[in-house]
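Here you go, one structure.
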């Protein structure tokens, strides 16, 4: 990324030695919240009790720092975010060279997520503060860099800044911007970013070692997820097959171009789900089909696919004890913990019913 | 368990040598009909040395691995220090076995 983003690291292990890092990660994993603790937080009568419960955990120092600015949901969320970034930095500081390379490739998706958030914010003329609230600097772009990007006047300014800084995805953004100007649709810009990330990550993880293959499986599943959601959205919004075909991303695991085209030609979600039974995603999507009918929203499928991806990533910890899977699983578990906490805090702030909050969480 | 190529080599050669070297030494002794054969003494000394040194190297390798993991665990969970020390000293048994083998061989 930008030269300023390069961090000087001092770590005890180099090369491919995972013994130290994985033992440390297992120790950190034992401090992640369990189901009972989440139940306790959900049952908290108010946000004040929730803060008290959280202060007694390792989130304490970050919460104490943030609570100087107030005791509302936004402040707690900022503290949770800070804690997650601090934890990620800590993991990077002791991970070996190979592990760091693989993990940072996977976390590159956060840079894409953040840029997408900024572009979406600019597209709807959202305030800079609102955009910054939605960012999560877990990739290689720092909070300061992201804030500078979010401070841009419009989409063009953001892209110009990215080009000036020489960010690797700036080229993709420029290409996507040309189409965006014609169609006024953010989907073209987002597609350019997704294409860039899948090509970049696949290229970096092309090696034949077991650890690279493990990390690549995650990227390929993410590509599958994006393709699946595109097909489902196209069917729901009755998009033409040619339009849907444009949004296909190469590099998926179980989702070939021929299957994508076949599914894109279908107009009925039931038909798509029938066909998907041949793939590992069939069962997961089938399980939420009824919920989709009641809510009539693709986000139901999106959530269940995210859940599947999360469980897959967490399962990597059960593989090679001296491999990168332990680090990937921990980082995903930490992100999931933070997402769950944010849901609880938001739910508590707006008085959401306990059962609804529980339903929104991904508890593993 | 043995994903590391070096670990496979060390453990494999240790196993083979601890089985083969005493066998060769005994065979050399049995084959000798002379009251004193210098070859027997040399073979015995070499075998005892091999048993001792290889077992010591293996224990060192195991302790290095356990020590690294223990350092990582203790950085996050200092409360398991007793377990870490116990696991750290366990490979000493390998050296002791090598030592006993060396004594028996040198006889």
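The values are calculated or read from the model by the stated rules, or taken from the named source; none is laboratory data. All of these numbers come straight from a predicted model, not from anything done at the bench. FYI the Cβ positions are ideal-geometry reconstructions off the backbone, even for glycines, and counts take in every protein chain you see.
Table: residues versus (1) farther than 25 Å from residue A:26 by Cβ; (2) in a helix (DSSP H, G or I); (3) touching a strand residue (DSSP E or B) at 6+ places or on another chain (Cβ under 6 Å).
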| position | (1), (2), (3) |
| --- | --- |
| A:49 | yes, yes, no |
| A:54 | no, yes, no |
| A:64 | yes, yes, no |
| A:71 | yes, no, no |
| A:81 | no, yes, no |
| A:84 | no, yes, no |
| A:87 | no, yes, no |
| A:92 | no, yes, no |
| A:100 | no, yes, no |
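Listed here are the residues, each with its yes/no results for (1) away from every other protein chain (no Cβ under 14 Å); (2) surrounded by fewer than 16 Cβ atoms within 10 Å (Cβ to Cβ); (3) modelled with pLDDT of 95 or more; (4) under 30 Å from residue A:29 (Cα atoms).
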{"position": "B:36", "(1), (2), (3), (4)": "yes, yes, no, no"}
{"position": "B:39", "(1), (2), (3), (4)": "yes, yes, no, no"}
{"position": "B:45", "(1), (2), (3), (4)": "yes, yes, no, no"}
{"position": "B:59", "(1), (2), (3), (4)": "yes, no, yes, yes"}
{"position": "B:68", "(1), (2), (3), (4)": "no, no, no, yes"}
{"position": "B:81", "(1), (2), (3), (4)": "no, yes, no, yes"}
{"position": "B:84", "(1), (2), (3), (4)": "no, no, no, yes"}
{"position": "B:106", "(1), (2), (3), (4)": "yes, yes, no, no"}
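What residue, among those in the range A:330-346 that are in contact with a helix residue (DSSP H, G or I) (Cβ under 7 Å, 6 or more places away or on another chain) and free of Cβ contacts under 8 Å to residues at least 24 places away in the same chain, is surrounded by the most Cβ atoms within 10 Å (Cβ to Cβ)?
Checking each candidate, the answer is A:332.
Only one of A:193, A:167, A:189, A:181 is assigned to a helix (DSSP H, G or I) and closer than 14 Å to residue A:111 by Cα. Can you tell me which?
Every option except A:193 fails the conditions.
Can I ask one more? Could you check, for the range A:7-27, whether at least one of its residues is surrounded by 20 or more Cβ atoms within 10 Å (Cβ to Cβ), over 20 Å from residue A:349 (Cα atoms), out of contact with any helix residue (DSSP H, G or I) (no Cβ under 6 Å at 6 or more places or on another chain) and touching a residue at least 24 places away in the same chain (Cβ under 8 Å)?
Yes, the range A:7-27 contains at least one residue that is surrounded by 20 or more Cβ atoms within 10 Å (Cβ to Cβ), over 20 Å from residue A:349 (Cα atoms), out of contact with any helix residue (DSSP H, G or I) (no Cβ under 6 Å at 6 or more places or on another chain) and touching a residue at least 24 places away in the same chain (Cβ under 8 Å).
Can I ask one more? Answer yes or no: is there a residue in the range A:295-318 that is out of contact with any helix residue (DSSP H, G or I) (no Cβ under 6 Å at 6 or more places or on another chain) and either surrounded by 21 or more Cβ atoms within 10 Å (Cβ to Cβ) or within 14 Å of chain B (Cβ to nearest Cβ) (or both).
no
Kindly indicate whether residue A:81 is closer than 24 Å to residue A:340 by Cβ, touching a residue at least 40 places away in the same chain (Cβ under 8 Å), surrounded by fewer than 21 Cβ atoms within 10 Å (Cβ to Cβ) and under 13 Å from the mean Cα position of the chain (by Cα).
no
Please give the number of the condition residue B:91 fails out of (1) surrounded by fewer than 17 Cβ atoms within 10 Å (Cβ to Cβ); (2) at pLDDT 85 or above.
It is condition (1) that residue B:91 fails.
Does the range A:267-278 contain any residue that is over 19 Å from residue A:221 (Cα atoms) and not in a helix (DSSP H, G or I)?
Yes, that holds for at least one residue.
Further question: Can you tell me how many residues in the range A:210-231 are in contact (Cβ under 8 Å) with a residue 24 or more places away in the chain, within 14 Å of chain B (Cβ to nearest Cβ) and either within 15 Å of the chain's Cα centre (by Cα) or surrounded by fewer than 16 Cβ atoms within 10 Å (Cβ to Cβ) (or both)?
Total meeting the criteria: 1.
Here's something else I'd like to know. Name the residue, out of A:314, A:322, A:341, A:309, that is in a loop (DSSP other than H, G, I, E, B) and either out of contact with any strand residue (DSSP E or B) (no Cβ under 8 Å at 6 or more places or on another chain) or at pLDDT 90 or above (or both).
Going through A:314, A:322, A:341, A:309 in turn, the sole match is A:322.
Say whether the condition of being surrounded by 14 or more Cβ atoms within 10 Å (Cβ to Cβ) and either at positive phi or within 14 Å of another protein chain (Cβ to nearest Cβ) (or both) is met by at least one residue in the range A:246-257.
Within the range A:246-257, one or more residues are surrounded by 14 or more Cβ atoms within 10 Å (Cβ to Cβ) and either at positive phi or within 14 Å of another protein chain (Cβ to nearest Cβ) (or both).
With respect to the numbered conditions (1) in a helix (DSSP H, G or I); (2) within 30 Å of residue A:205 (Cα to Cα), which one is the sole condition not fulfilled by residue A:251?
Exception for residue A:251: condition (1).
State whether one or more residues within the range A:283-292 are more than 19 Å from the chain's Cα centre (by Cα) and either buried (at least 21 other Cβ atoms within 10 Å of the Cβ) or not in a helix (DSSP H, G or I) (or both).
Within the range A:283-292, one or more residues are more than 19 Å from the chain's Cα centre (by Cα) and either buried (at least 21 other Cβ atoms within 10 Å of the Cβ) or not in a helix (DSSP H, G or I) (or both).
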